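This report concerns only the one structure given below.
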Amino acid sequence: MKEQMEKLKIQLDEELSLVNNLQELDAIRVKYLGKKGLITDLLKGMKDLSNDERKAFGALVNELKQSTADKIAQKTQELKEAEIRKEIESMPQFDVSIPTKLDRGSYHPITLVQRECERIFKSMGFTVEDYSEVVTDYECFESVNIPKNHPARDMQDTYYLENGQLLKSQTSAAQNAILKKYGDALKNDGKPIKAIFPGRCFRNEATDACHENTFFQMEGMMVDKDISISNLIYFMKTMLSEVFKKDIKVRLRPGFFPFVEPGFELDISCLICSGEGCPSCKHSGWLELCPCGMIHPQVLREGGIDPEEYTGFAFGLGLTRLAMMKYGIKDIRDLNSGSLKALAQFTDDE
Ligand code: FA5
C-alpha cells in the first residue's frame, strides 16, 4: 500500500507539471481529493489491516491528503499569477515619463474680461458682489425708480416667470440691495460704498451682430459725500485704459435712465472697424458700452441713504460688448455659440 501511495505522489507531480489552467487543475483536485477520488480509494484497503496497522496507515493517508492539497494550492497560486502577468502584458504599454499633450480647455472670453475688470476695480477699493439671476419686480424696476407701467420698461422686454418674479434684464437690479448692504457702514463709519456687480442679463431681443437675448453686464456704484461726475469719468477712463492697454476714443452723450440724473451714454470708437462703420457697431463707428450717471435721489432714498447728505454714481458696463472689442469678436452670437473652435483661442494672462 505504501508503494501505491508513492506511485500516487509521483503521478500527481507529473500531472501538476503539465497542467495549464485553473479548470484542468480543478479536475486534478477532484481526481485526487474528491469523495470518490484516488486518495479516498486507498482507505478501502484498510479493512484487511490490524488495528495498529490501520492507525499508522490512516496517519499516512492524512499526510498524503495534506501534501496533495498543499501542492494543488501552490499550483493554483502559480496559475493565477501567470494569468495576471499575461493580462498585464496584453495591455497597451506606455511610458509614464513621456510629457503629455492634454487639451486643457480654456476660459470663456467673457470670463476673462470679467476677471480683468474685477481685478481693476478691486485695486481701486471696490468690492465684488454676487447676486441672483431671478429677481423681483421691485429689485429690477421699482426700487430703481421704474414704477409699474413706466414707459422705460418698454426698453427692456423682460422674461417674467409664472410666480411673478423675472429673469433680471439689467444688473441695476442689485443697486437697492447694495445700498442697503453697505448703507450703515457709510452712515456710521464714513466708509464709502464702492461695489461692482457682474452678472448675466436676459431680454427678449431680436438678435444681431451686437445684440443677444442673454448677455453680461457689470454694474458699478460709488456713494459718498461730494461724489461728482468727475469721479465717474475718472473711474471709467481708468478702467478702459487698463482693459485695452491703450488709449481708446470715447464719447459721452446724454442718455435717459430713470435711476440716474443726469444720465449719459458712454460709447467707444468701434475697434473692429476702427470707427469706419461695420455690422458690429450698426455702421455708426461707435459702440454703446457703458451707460452711466449720477444716482437719482429717489434711488438713494429707496436704499435708505439721504440724498441731501450723500451723492453717488452708477454705471452699467456691457461686459459682453467689452469682450467683443477686446478680442476683436465681430459677432456677439459667437460668444453664446458653444463653438470651441471660436472660443478656445483666447488665453488667460494670469
Ligand atoms: C441698462 O441696462 C442700465 N441698467 C445701465 C445703467 C446702469 C445706466 C447704471 C445708468 C446707470 P442698457 O439697456 O443701455 O442700460 O444696457 C447697458 C449696456 O448693456 C449696453 O450699453 C450694452 O453694452 C449692453 N447691452 C444691452 N442690451 C444688450 C444686448 N441685447 N446684447 C448685448 N449687450 C447688451
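The values are calculated or read from the model by the stated rules, or taken from the named source; none is laboratory data. All values reported here derive from a predicted model rather than from experimental measurement. Cβ sites come from the backbone with ideal geometry, for glycine too, and all protein chains shown count toward neighbours. Each accessible area value is taken on the protein alone, full model and side chains, heavy atoms only, with ligands, DNA and RNA left out. Shrake-Rupley method; radii C 1.70, N 1.55, O 1.52, S 1.80 Å.
Tell me the helices (runs of 4 or more DSSP H) entirely within region 30-140 that contain at least 2 residues that are of a type in the set (Val, Ile, Thr). Steps first, answer last, please.
Numbers: elements: 38-42, 51-90, 109-123, 137-140.
Filter on region 30-140 gives 38-42, 51-90, 109-123.
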Region 167-185 residues that are of a type outside the set (Asp, Glu) and within 8 Å of the ligand (Cβ to nearest atom), paired with ones that are modelled with pLDDT under 95 and not in a helix (DSSP H, G or I) (beta carbon under 6 Å, 6 or more apart): 169/156
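Do the conditions hold for residue 280, that is, is it open to solvent by less than 70 Å² (accessible area, probe 1.4 Å) and either in contact with a Leu (Cβ under 7 Å, 6 or more places away or on another chain) or within 16 Å of the ligand (Cβ to nearest atom) (or both)? Step through it out loud before you land on a result.
Working: open to solvent by less than 70 Å² (accessible area, probe 1.4 Å): yes; either in contact with a Leu (Cβ under 7 Å, 6 or more places away or on another chain) or within 16 Å of the ligand (Cβ to nearest atom) (or both): yes.
Yes.
Is it true that residue 106 is small (Gly, Ala, Ser) and under 59 Å from the mean Cα position of the chain (by Cα)? Outline the logic, then answer.
Details: small (Gly, Ala, Ser): yes; under 59 Å from the mean Cα position of the chain (by Cα): yes.
The answer is yes for residue 106.
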Has region 208-224 got at least one residue that is under 33 Å from the mean Cα position of the chain (by Cα) and more than 12 Å from the ligand (Cβ to nearest atom)? no
Determine which single condition residue 236 fails, assuming it passes every other condition in (1) open to solvent by less than 70 Å² (accessible area, probe 1.4 Å); (2) on the phi > 0 side of the Ramachandran plot; (3) of a type outside the set (D, E, K, R). (2)
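Can you name the residue in region 186-232 that is among the β-branched types (Val, Ile, Thr) and farther than 16 Å from residue 156 by Cα and is also surrounded by the fewest Cβ atoms within 10 Å (Cβ to Cβ) among such residues?
Looking at residues that are among the β-branched types (Val, Ile, Thr) and farther than 16 Å from residue 156 by Cα, I get 229.
Being assigned to a helix (DSSP H, G or I), open to solvent by less than 20 Å² (accessible area, probe 1.4 Å) and more than 9 Å from the ligand (Cβ to nearest atom) is the filter here, so list the residues in region 325-334 that pass it. Write out each step before concluding.
Our first condition is that a residue be assigned to a helix (DSSP H, G or I); within region 325-334, this holds for 325-327, 332-334.
Checking the rest, the ones that are also open to solvent by less than 20 Å² (accessible area, probe 1.4 Å) come to 325, 332.
325, the sole residue that qualifies.
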For residue 312, are the conditions met, namely being within 13 Å of the ligand (Cβ to nearest atom), out of contact with any helix residue (DSSP H, G or I) (no Cβ under 8 Å at 6 or more places or on another chain) and within 25 Å of residue 147 (Cβ to Cβ)? no
Take the residues in region 241-270 that are in contact with a strand residue (DSSP E or B) (Cβ under 9 Å, 6 or more places away or on another chain) and away from the ligand (no atom under 14 Å from the Cβ); name whichever of them is nearest to residue 119 (Cα to Cα). 244
